[in-house]
Amino acid sequence: MQVERHDKDHIIIDVDIETAEKLYHAINERTDDITSSAIDFASLLEEACYEAKNDFHQPPHAFDENHPLHPKAED
């Protein structure tokens, strides 16, 4: 993990997915003893991990007027 101050109001945290997942799980397991800011940070980490692993690809021709129909849609 690398932390860098961007300016006086912002920091950049560079962390790999595996480390981020471990960190947000550790925070979420102790929510009774942790501030809401730390819980918010864990939520942001979890969302970032999801986005980093999201490998959705739009099907080809999905928005073409004459796109090929799914076999079930042809019945």
Legend entry - Hits in region 1-52 (condition: surrounded by fewer than 11 Cβ atoms within 10 Å (Cβ to Cβ), part of a strand (DSSP E or B) and out of contact with any Lys or Arg (no Cβ under 7 Å at 6 or more places or on another chain)): 2, 3, 4, 5, 6, 7, 10, 12, 14
Inset, instruction - Identify, by number, the condition in (1) of a type outside the set (S, T, N, Q); (2) outside any loop (DSSP other than H, G, I, E, B); (3) at positive phi that residue 61 doesn't meet. - result: (2)
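Read-outs throughout are calculated quantities, based only on the coordinates presented, and are distinct from any laboratory measurement. It should be emphasised that the depicted structure is a prediction, and the values quoted were computed from it without experimental measurement. For neighbour counting, all protein chains shown are included, and Cβ atoms are generated from backbone atoms with ideal geometry for every residue, glycine included.
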